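The values are calculated or read from the model by the stated rules, or taken from the named source; none is laboratory data. What you see is a predicted model; the values in this text were computed from it and never measured. No Cβ is skipped: glycine too gets one built from the backbone with ideal geometry, and neighbour counts run over all protein chains shown. The accessibility values were calculated without ligands, DNA or RNA, using every heavy atom of the protein model including side chains. Shrake-Rupley method; radii C 1.70, N 1.55, O 1.52, S 1.80 Å.
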Amino acid sequence: LVTGVQTCALPISETTQTDPSCAEVARCLDLDRPDRERHAREAAALLEHALSDAGLHREVSVRVKSPCSVREKMGRRGLPLRDLQDVCGVRILVDTIPDCYAVLQAARSLWPDLPEAFDDYIRFPKENGYQSLHAVALLPCGHPIELQVRTFEQHREAETGPAAHWRYKLATTAR
C-alpha cells in the first residue's frame, strides 16, 4: 500500500523481507522521509482546518515511528515494510469521546479510509486500558496515513498510565 517508498535495491511494493536490521529499515525509510513527512504535515493542516470549522477544541500533531519500532512491528506481525500503514501518522486529541468520533467523521469526509484498518479501542479498550481510535486514510498521493484519535485524558493515560507505550516497550524487551 505504501507507494513511492524505495528500499536500497527494490521499491517497497516489491520487497517481501520481514526481518531487516534497524539500519536497513532506516535506509528504506530515509529515501522518502521528506515526502512522507510533508504529506503528513499537509494532512494534519487540512484536518486541523476542518476541525476548526467544526468548532472542535483539539491538538493535532504528526508522529513518525522510529526505524527500530517499525522493524519490531514488522517482526511481530510478520509483515514486510510495504504492508505497514502506520509508519507516519497524525494524532488528534480532543475533549470528549463524542468529539473523537466527530474527528473520524471529518477525516472520512476528506479522504477514503481502509475499513479493515480501523480499530475502535474506545468502545473496546485493550486489556491494559488503552483507549483510542485508529484509522488509516489514503492520501491523494497514495500514501497511507494512520490517524490516532483520543481524548486528552485518554492520551495522559496512554503516556503515563498502565497502557503507557514505554511500559509496553520495557515489558517486551524484558522477555
Just by accessible area at a 1.4 angstrom probe, what is the order of E37, E127, E153, E116 from largest to smallest?
E127, E116, E153, E37
Where R108, R91, R71 fall by accessible area, highest first, once all protein chains stay in place (1.4 Å)
R108, R71, R91
With θ set to phi - 60° and the Karplus curve 6.51 cos²θ - 1.76 cosθ + 1.60, what are the ³J(HN,Hα) couplings of the range 122-128 in order, to the nearest whole Hz, using x for Gly and Pro?
7, 5, 10, x, 5, 4, 7
Solvent-accessible area per residue for the range 46-175 at a 1.4 Å probe radius, Å²?
52 Å²
Taking the Cβ of R150 as the center, what net charge do the other residues with Cβ under 14 Å away carry, scoring Lys and Arg +1 and Asp and Glu -1?
-3
Residue-wise HN-Hα coupling along the range 60-73, computed from phi with Karplus coefficients 6.51, -1.76, 1.60 (Hz; x: Gly, Pro)
10, 9, 9, 10, 10, 5, 6, x, 5, 5, 4, 4, 4, 5
With just the Cα atoms defining each centre, how far is the range 52-88 from the range 119-167? Give it in Å.
10 Å
Expressed as a rounded percentage, what relative contact order does the range 30-155 have, with Cα pairs under 8 Å and six or more residues apart?
26 percent
In terms of the Cα gyration tensor, with a ≥ b ≥ c the square roots of its eigenvalues, is the range 37-149 rounded because a/c is under 1.5, prolate because a/b exceeds b/c, or oblate?
oblate
Which order do L31, L56, L51, L110 take when ranked by solvent-accessible area (1.4 Å probe, heavy atoms of all protein chains), largest first?
L31, L110, L56, L51
